[in-house]
Each structure stands twice: as C-alpha cells, then as structure tokens.
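The values are calculated or read from the model by the stated rules, or taken from the named source; none is laboratory data. Please read these numbers as outputs of a predicted model, since none were measured by experiment. Here the Cβ positions follow ideal geometry from the backbone for every residue, glycine too, while neighbour counts run over all protein chains shown. Calculation scope for accessible area: heavy atoms of the full protein, side chains included, ligands and nucleic acids excluded. Shrake-Rupley method; radii C 1.70, N 1.55, O 1.52, S 1.80 Å.
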Amino acid sequence: MRAGPVALIVLCVAGAAAAAFFALGDGDGTGGGDDSAADGSAASGSRRTGTAGGSKRPRGRAKPVVEVPPPPQPKPLPEDADWDAALAHAAAGRHLEALETVRAKRLTDDPAWKDARRTGPLMEWETAALDRFEAQMMTLELAPLRDWLGRLASALLFPESRARMEALRRKLVEAGKIGIDDVLAGADAEARKKLEAHLKRFGGAPGTDPDAPVELVVGPSAAVVDRQLQSLRARNKDREIPVEPLPIDSRQARNDRRVEQLEKLRQRQAEAMLDPIAGGLAWLALHQNEDGSWSDAGVAARCKALGHEKTPCLDRTGMNANASFRLGATGLAVLAFLDFRDQDMARHFEPTLTLGVDWLRKQIREDGSFPQTSYEAAIAVMALGQAARASKSPGVMADAQRAHWWHAIKQSTDGGYRYRIGEQPSDLSVTGWYAQAYEAVRDAGGQTPTGHAENFAKYVKSCQVAGASDKFAYQAGRGEKRTLRGVGMLTLAVTDPEETAKQKDAWAESLAKEDKQDRVDMYAVYYDVRVELALRGNLSAKRRALLADLPRTLQCRELPSAGAFAKGSQIPAGKKEPATAWKEPGGLLDRGGTVVTTALGVLTMEHALYRR
C-alpha cells in the first residue's frame, strides 16, 4: 500500500522531533550525544529514558551560567612621603639609604608596612645593600668599615638578612679586619657587660697593654670566680715551674683567634657561659697536684692543704680516692685549659697547663705506649696532639706522634679498641676517644698508618643498629645505647666524610628530636655538641637550652668548691634520683670522679662557644 501525502508529512515531522530529542541528550544543551558513543549502549539507553544516573532533569534547558565575581582589589596603600623618598633612593642604587629612610616606620605595628607590596621591595633592598657591602668590605679602611657595619646592623630587619650579616662579620674577624672593639659594639648592653668583665679578668680589654698584669677587684661583693682566680694567683706566685712554658704559635694569630671566639660567643648569645667556664678552670687549677697531674685523691689532698672542709663536690671522693684514672683525668683537664688558652691573655692558667702537659709527656714509655688502660691513653694522646697544634712545639709534636703511632698500629682487626690493647671485641666508647686522638694528631700535622681512618669507619658501621643510621650499639651485634649516638656520628665525621655527607640530614633530624630519657648524661651532651657543630656549624635551640642548664644544675656555686661539677648527669624535673646512683663505678664519669666531670663539663661548654 502506498503512503499518502498526509502520512509522509506525519512521518517527516516525527523523524525531525526524534532527531531533536537525541541532539538534546540529557537536556543539558551540551550536545552529549557524542559522549554516548564512548559510554556504550547502557549510557545511550539512559539518555533515551531521560535519566543520567537515575536523576531526572528538565529536558531541553541549558544549565544556568554562574558568574564568578572578580577577586577584590586590594586597597591602595596610603600615601607616604618616606616611602616615596625610599623608592627614589632605591631607583638611584642607594639601597642602604632607602632602608634607613623607612626604618622607624618598619618598626611600628602599622599594617601598611607588613603589606607584601612593601615587604617585597624591602627584602630586595636589604639583599642589594648586603651584596654591595660584601663586594667592598675587604678593601675598606677600619673607620668606614665600622661605620658601614653599624648602619647595616641598624637597617637590616629581616631575619635572613641579619643571619647573612653575622656570617659576613665572621669573615671579617677571621681576616683580622675587626677586633675586640667591634665585638663589643655589636653586643647589647647586658652582653657587653659580661664581655667587658671577661676581658678585665683575663686581659686584652680595648686600650690596654695585653702584657700588663691584670688586677682583680676583690671585696664583699666580688664575684665568686674572681675570688677563685685571686687564690690561684697567690698559688702561682709561690709555685716553682721547673719546665719552660708552652710556646705561643703566633701572637697575632692568637689575638685573631681570641677575637673570633668572642664574636662567635656574642652571635650565639652565650656570654653567660663565661663565668661557669672560668669558675671550672679556676677550681681545676687550684686542685692540681704539685707534679702537674689530677686525680680525686689529689683533690682531697689539695683541699686539706688549702684548709677546706669537705664539700658537696667531693662526696664521691671516697669511691674514687685512688690514682687509677690519673692519666685520663689529666688529659681531659689539659684539653679544657688548651681550649681556653687564647682567651687567657693574663696567663692565669699557663703554669697549670705547662705542668699538665709536661706530666703527660713523662708518662710515655720509650716505645710510645702508656702504662695505663687504652681508654686513658687515648685521651692523653688527644691532649698531646692538641697541645702540639696550639704551641707548634717540636718536642710536644714528637711525643704526640710517637704515642699516636704506637697505638694506631695496635688497632684491633675489627677496626676498634677495647680497654686493653689487643682485647676483643672492641667497644664504641673507647674507639671514639681513639678517633679523637687520631683527629688531634692529624690536625697538628702528624702522620698516621695507612688504613687507620678507614678501619675506624668500618668498626663504627658494624655498631650501627640495622636499619637506623642514627642508632649505635656499644659493641657490634648488640642493641642501641642512646649515650653512644654522638660517639658513632662523630667518629664517622672524623674518619669518613663521604658517609657523613650521606647521613648528615638524618643525623641532624635525630639530634633535633626531644630525648625521652630519665637522665641527661654529660658524656652524651659532650658528643652531641661536637656532632651538631660539625654538621651545621652552630647549635640548635634545644642544645643551647640544655647547655645553659648544665652549670645551673651540676656546678657548685659556693666557695671553696665553686666551679666544680659535683656529678656528671642530672635528673629532669619530676624524676627521682635512683638510689644506686654513683654507687657502681663503670664508665668514664664514674671512674674519673670530680676532676673528670668538671673537666668534661668545662670542655663541653667551651666547644659550644668556640668550635665551628
């Protein structure tokens, strides 16, 4: 049957309507029919039923267009004549003048000066001012150099710029461009007061003859440290020194080091550590045996000779009143005096240091060995190596080299050392002191057997706890001992720079963590300080706080024991001191008694101030 004209018209209209329906798809007006081919037949079916995932939408309507308002424009900054003047200075390349123009307003709470539209240019100006100064600072005469330093110190307000400024000051100190006057000028009022008291005590204050005798003010209100030093001067006056004093390598070099040390101390805001250091050294000097050695038995004898009554810092003497650790105690005391030597322009401690080094040299046998344990011998070699470097004395260098070589060739096959030469297995504690002995002789220009350093590194790696680069065991294959973390790290830092570079970040993170320990041990603090300085050149806020707490909690403050460290560890607040504390001799702090705790405490504080 043929379709009539009307039927054809109806069919055409229906086809057009169907085409329009499928062109509209889900009714979103986006031409979703193209997507249906990718979605498959099920998706196409959903469109034919007018659904998409089951939700019905009006057919044939486009989605309303949501207009997003433009972001609000920041309010114009208020007009400011000083800012306009600063912009003009900066455009002409006068960045320091630009900073000085607006300094006062930057110190206010006005939010306009915290706005990025101003802080951005200000940071650029500070950087440009420092760039210009750094390019010219080594060629400037002293007067314009000091003027420029003072202006920068006032104008630079961003922490990043101030840190860079301090680094440039250190370069100037190292180059001998600035001196004590400039160190004092960079200190605040309280820090300057402490630095001036230190210079008055030990000589070298601005405008004085460094060779002139230092007169200490003593009276009812005099500092305890000054009283101790006055007693030491009286002892030195009547004391016979049968050997020549240690030479000074170079008077100019010594003065440059002294200025550099005080500048680092100022930058680390550690001026308050000067009294604890000086007090500890004065106590050690007053309690040195007449032959130049130290021991707790000698301390008891010296106290009797000085008319002292028994004091809290000697409560442990009954346990350690013997000569069993005399070599180690003397070595640590000598190290403490060596670290302070550049500051002691008045030479209060020169007789003490001279006799101590002489006694150590006399203990060396002809073949280079010592009669004492290897633990003590390592500390003695370390002290002699540092004495050789500080004095440039050929005789001291020869003795340090002889003792180091004998002990180096006796290194155990596992790469470490034990309490007795040749005894195995080695332990990390003794090995750590031998690594520092190697470092001291090496840095003094001495020779060492081939493979010595590599063997140290091999042994320390064997003591690392599996899977943890920052955890070390007392001996290979045993569990972690927290107090030896710094020993392992420092030994690798001294003997394996490549491994240290790989582990540096992980170690720094470990050192920055809070320690969940019941006891803060001075032995661990000593090593942690040395490692942190080796890794980053400065101390973290955590380590500084701990160091500041050491003299407060461990050091005697009252005469006649002022300066001595009564014990080698402290119990944090809220913890109870174990009943067995200090009753079981074992480690370095137990074996050495009050002399060792005092020497190690002073040495740790000195490292925190002076070492890079």
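Structure notes:
- The heavy atoms of ILE277 present about 0 square angstrom of accessible area, all protein chains included, probe 1.4 Å.
- Over the range 419-540, all Cα pairs binned in 5 Å intervals from 0 give whole-percent P(r) values of 2, 11, 22, 25, 21, 12, 5, 2, 0, listed from short to long.
- In this view, the solvent-accessible surface of LYS362, computed with a 1.4 Å probe and all protein chains in place, comes to about 140 Å².
- Charge dipole magnitude, Cβ of K and R +1, D and E -1 - the range 363-456, Cα centre, debye nearest 20: 200
- Low-density loop cleavage sites - GluC sites (Glu not before Pro) in the range 471-562, where at most 11 other Cβ are within 10 Å (DSSP): GLU514, GLU558
- Each principal axis of the Cα cloud of the range 360-411 was taken in turn, and the coordinate range along them, longest first, works out to 27, 20, 18 Å.
- Residue pairs exceeding 32 angstrom between C-alpha atoms, taken from LYS461/LYS513; LYS193/LYS504; LYS105/LYS504; LYS171/LYS471; LYS392/LYS461: LYS193/LYS504; LYS105/LYS504; LYS171/LYS471; LYS392/LYS461.
- Convex hull volume of the C-alpha atoms in the range 386-486, normalised per residue: 98 Å³.
- LYS461 contributes about 80 Å² of solvent-accessible surface, heavy atoms of the protein only, 1.4 Å probe.
- Exposure ranking of THR373, THR139 by accessible area [1.4 Å probe, largest first]: THR139, THR373
- Each peptide among 115-128, 233-246 gets the average number of other Cβ atoms lying within 10 Å of its residues, and from highest to lowest they stand as 115-128, 233-246.
- Across LYS481/LYS542; LYS458/LYS542; LYS458/LYS481, pairs whose alpha-carbon gap is larger than 24 Å: LYS458/LYS542
- In terms of accessible area, using a 1.4 Å probe and ignoring ligands and nucleic acids, ARG543, ARG169, ARG257 rank largest first as ARG257, ARG169, ARG543.
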